[in-house]
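For reference, the structure discussed in these notes is given below.
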Amino acid sequence: AVKRSGADGVCAINTLKSMIGVDLETFIPYPNVGGYSTYGGYSGPAIKPVTLRCVAEIAKSVDIPIAAVGGISTWSDAVEFLLLGATNIQLCTAVMHHGFRIIEDLIDGLSVYLEEKGMDSVKELVGKALPYIADHSKLSRDYKVVSTVNRETCVKCDVCYIACMDGAHQAIDLDEMRIPVINEDKCKGCGMCETVCPVEECITLKPRES
Ligand SMILES: Cc1cc2nc3c(=O)[nH]c(=O)nc-3n(C[C@H](O)[C@H](O)[C@H](O)COP(=O)(O)O)c2cc1C
Ligand code: SF4
Ligand code: SF4
């Protein structure tokens, strides 16, 4: 619709309309402005996944410049947006937190990344990830993974056990040392245990043999 209306480009997504909470004593939602509140714009890192999806969908639909804004804080965030079709990047929350000097960090990080990739310009990154996005129905049902636990780095916190027991497929038992043991017959590879584990790379998902 934006292109049909004659726009030269599009900016996505600004902020998401939101409400940050309610005062349990007065019943007045935040922010309390003289006894009343209203909806506000939610921005920053939490909205990055929504912005990534919107930018990708726009880039797959039209061939006009896309300014990505919403949740971008680092040079690697910027690269992700460029790869999904953004042609320029905007930051607000990150600059408010860290000041304009964060732009130098972005330029440094991007420069090193481009050098490592043997590229001369960020333009070469634009849209490179788009061919790998398919409809949900096109994703292979034959690609299966199974959870594995590194017994050496596990701190026996039980968090994965609880997540799988109460939120997934009851595929984790605890051995006599309280270290999780994966029941591969029950594990569906949902990744819940990997997500909640506090130790980096202690739980990994490996492709199933067959
Ligand atoms: C405190 C604050 C004030 C903002 N004021 C405006 C505004 O007046 N007009 C506007 O279009 N966007 C405004 N924005 C939205 C930003 O321009 C930006 O689109 C949004 O915050 C998402 O980017 P970010 O995640 O990098 O912050 C504001 C954002 C913040 C955090
Ligand atoms: S991947 Fe899912 S089903 Fe498998 S052990 Fe982890 S939480 Fe349980
Ligand atoms: S969540 Fe990670 S550290 Fe905690 S018990 Fe499970 S594997 Fe071990």
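The values are calculated or read from the model by the stated rules, or taken from the named source; none is laboratory data. None of these values were measured; they are calculated from a predicted model. Neighbour counts are summed over all protein chains in view; Cβ atoms, including those assigned to glycine, are modelled from backbone coordinates with ideal geometry.
Annotations
- Within the range 168-190, tally of residues that are without any contact (Cβ under 8 Å) to a residue 40 or more places away in the chain and either among the acidic types (Asp, Glu) or within 15 Å of THR148 (Cβ to Cβ) (or both): 15
- When LEU16, LEU52 are screened for being within 23 Å of HIS98 (Cα to Cα), modelled with pLDDT of 95 or more, in contact with a strand residue (DSSP E or B) (Cβ under 8 Å, 6 or more places away or on another chain) and more than 16 Å from ligand 3 (Cβ to nearest atom), only LEU16 passes.
- Strands (runs of 3 or more DSSP E) (entirely within the range 106-210) containing at least 1 residues that are under 29 Å from ALA56 (Cα atoms): 145-149, 203-207
- Selection within the range 59-86 - without any contact (Cβ under 8 Å) to a residue 12 or more places away in the chain and surrounded by 19 or more Cβ atoms within 10 Å (Cβ to Cβ): none
- All positions within the range 55-78 that are over 23 Å from HIS97 (Cβ atoms) and either assigned to a helix (DSSP H, G or I) or basic (Lys, Arg) (or both): ALA56, GLU57, ILE58, ALA59, LYS60, SER61
- Pairs linking a residue in the range 1-24 that is within 10 Å of ILE64 (Cα to Cα) to a residue that is part of a strand (DSSP E or B), with Cβ atoms under 6 Å and 6 or more positions apart or on different chains, are VAL2/VAL10; VAL10/ILE66.
- Boolean, LYS144 is more than 16 Å from ligand 1 (Cβ to nearest atom) and in contact (Cβ under 8 Å) with a residue 24 or more places away in the chain: yes
- Considered as a group, the residues in the range 141-194 that are of a type in the set (Asp, Glu) and within 9 Å of ligand 2 (Cβ to nearest atom) include one that is surrounded by the fewest Cβ atoms within 10 Å (Cβ to Cβ), and that residue is GLU184.
- Selection count where residues are over 30 Å from GLY6 (Cα atoms) and surrounded by 14 or more Cβ atoms within 10 Å (Cβ to Cβ), scope the range 29-43: 2
- From the options SER137, SER121, SER111, residue that is exposed (fewer than 11 other Cβ atoms within 10 Å of the Cβ), within 21 Å of SER73 (Cα to Cα) and among the hydroxyl-bearing types (Ser, Thr, Tyr): SER121
- Contact annotation: residue pairs with Cβ atoms under 8 Å, 6 or more positions apart or on different chains, pairing a residue in the range 154-167 that is assigned by TED's automatic domain parsing to the domain that holds PRO198 and under 15 Å from CYS202 (Cβ atoms) with a partner that is assigned to a loop (DSSP other than H, G, I, E, B) and among the aliphatic types (A, V, I, L, M), are CYS154/ILE179; CYS154/VAL199; VAL155/VAL199; LYS156/MET177; LYS156/ILE179; CYS164/ALA171.
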